[in-house]
């Protein structure tokens, strides 16, 4: 009993002995002292004394978690876990003591896993396979003298955010926590950048932009799947807050959320998103309390840079919001880069019920079944606005939802009614928050599609880009608009930037392919649309535009194959009507057009005009263009540069319509 304590205590169930031995061997090979109990000292006074001493004195306790441990109430490892849990209560501020390792897909909220284990970042080592990055991370945590690269974090992380004894506001009544987390990300950045620049050559192949970060969807640990919208929405609010800082490049929501539930390791995620840092966390909502745990990881080195847990009580006074945000920023000795803190608060609410409704609306608005969920989103945004009539972000969200509904799903009189509501909401959002970029983008979308007022749309998009040039949604929408107006280089550049920020979003690649198609760069368009389909093989619009690009190249076989994949989508039907006619299948072409008319009536008058133009029936094409003008068909936004309209460009009636639409130069 006189040997010195080991640096690492490895706790495991007997069923996981082989995996634990692999981890132990990797650590010992690196010169790290590990206690791995394989002796006969299982039970009894001697075992009890030795185990207690080792756990009390070790620098790092590594519980090996799996399906063999997470749901079992008995076993020697349980005694070890209890001792380690007790020690965390005595040294609650020492976050580095625990380093849970999980061998399988056991969730962090698994039954009978101590809460102290759930509050810290888990490492997934399938079957105990131990990569060098894990060993280096352990070595760094055990280092008795932090290097210059880590000293700022060592001094800041444990003590710079002291427990707040005074009442604090609930998280969804303000963005005080967001400001805190943003501040700490800024604090951690110098160390992150230094490590990135001085890391070993083995990491040199991965060289993400120096100020790039992804925010992964926070894990819902509330034990209620119905609360998923809350943890997802909270993550998105934090992501948007970080995006407000001009110095940061933040991976957009859709790309970051594509890893939800996949157990993909941080290094793989970082490479796919091309980011140098990853922020992840968990949310536990119980009764009148919310606990939010966050951790920041350097994706280049695999090192854990910072973590913190926030507890918030629902009953605290709202007036403390600004004081707490200021106090935390002051404690961290951080300025949020000029006016960025004010921008983060822009357009928000202090009403908890309104914020909750807003998160439910945002969840519905980003559903894969957006058509079916669009009315659900509109209803939830309406509830948020009822609860807080000054909630600019809710007006923005509802405007976008109305625009999408009018453009893609509404029919008859509901189209114009929805566009009118979209306009009213966008104007109210920009009145309440004149510097809210997405409010101006929503107004631009209305002018573009709902009013066919292209000069006003251009002004609105330019304002949105000036306010938030790193917003992927703003870049996509403005890039699409610029292409339709004939400003191909600018539009395609904006679309490519959106792909960089949101590389795993099907729409990013689809808009890029769409832009390249209108620029008549058909081969490049096909490649971009293939990227969209690799992300979502069910995305009908990408099949349609890929088919039209093949049609532009004269490759009718490939065009037909692409558009026949999703024959019920109107873009694919438009494509098939053209392809079948070119192939001499006149009856099939007529049947597809008849199907479109039966489903859509006059609502797709512009698309009928393109079909007749390509069939060589100029008179019919011009008649349908007149109908489109009478109905103010949103499809008319394509007219200026649509390749399918090329046969009509010398027609006086076509030229008169083009002049009437007042396309900007």
For this session: Could you line up 355, 218 from fewest to most neighbouring Cβ atoms inside 10 Å?
Result: 218, 355
For this session: Only residues of region 103-140 count here: report those whose backbone N is under 15 Å from the spot 7 Å along Cα→Cβ of residue 14, or say none.
Result: none
Seminar exercise, completed: Residue separation between residue 53 and residue 656 times 0.36 nm, minus their alpha-carbon distance, gives in nm 208.1 nm
Exercise. Sorted from fewest to most neighbouring beta carbons within 10 Å, what does the list 375, 79, 475 look like?
Worked result: 375, 79, 475
For this session: Give me the distance between the Cα centres of region 475-550 and region 424-465, rounded to whole Å.
Result: 22
For this session: Could you tell me whether region 569-665 comes out rounded, prolate or oblate from its Cα gyration tensor? Rule is a ≥ b ≥ c as square roots of the eigenvalues, rounded for a/c under 1.5, then prolate if a/b exceeds b/c, otherwise oblate.
Result: prolate
Problem set entry | Peptide ranges 607-613, 630-636 listed from the most packed, as the mean C-beta count within 10 angstrom indicates | 607-613, 630-636
Seminar exercise, completed: In nm, the gap between the two label points placed 7 Å beyond Cα toward Cβ at residue 263 and residue 595 is 4.2
Problem set entry | Cα gyration tensor shape of region 431-526, rounded if a/c is under 1.5, else prolate or oblate by comparing a/b with b/c | oblate
For this session: Mind sorting 378, 65, 657 by how few other Cβ atoms lie within 10 Å of their own Cβ, fewest first?
Result: 657, 378, 65
Exercise. What is region 455-511 by shape, rounded, prolate or oblate, if you read a ≥ b ≥ c off the alpha carbon gyration tensor as root eigenvalues and call it rounded for a/c under 1.5, prolate for a/b larger than b/c, and oblate otherwise?
Worked result: oblate
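No value in this document is a laboratory result; all are computed from the given coordinates. Because the structure is a prediction, the values reported are computed rather than measured. As a convention, Cβ positions derive from the backbone with ideal geometry for all residues, glycine included, and neighbour counts pool all protein chains shown.
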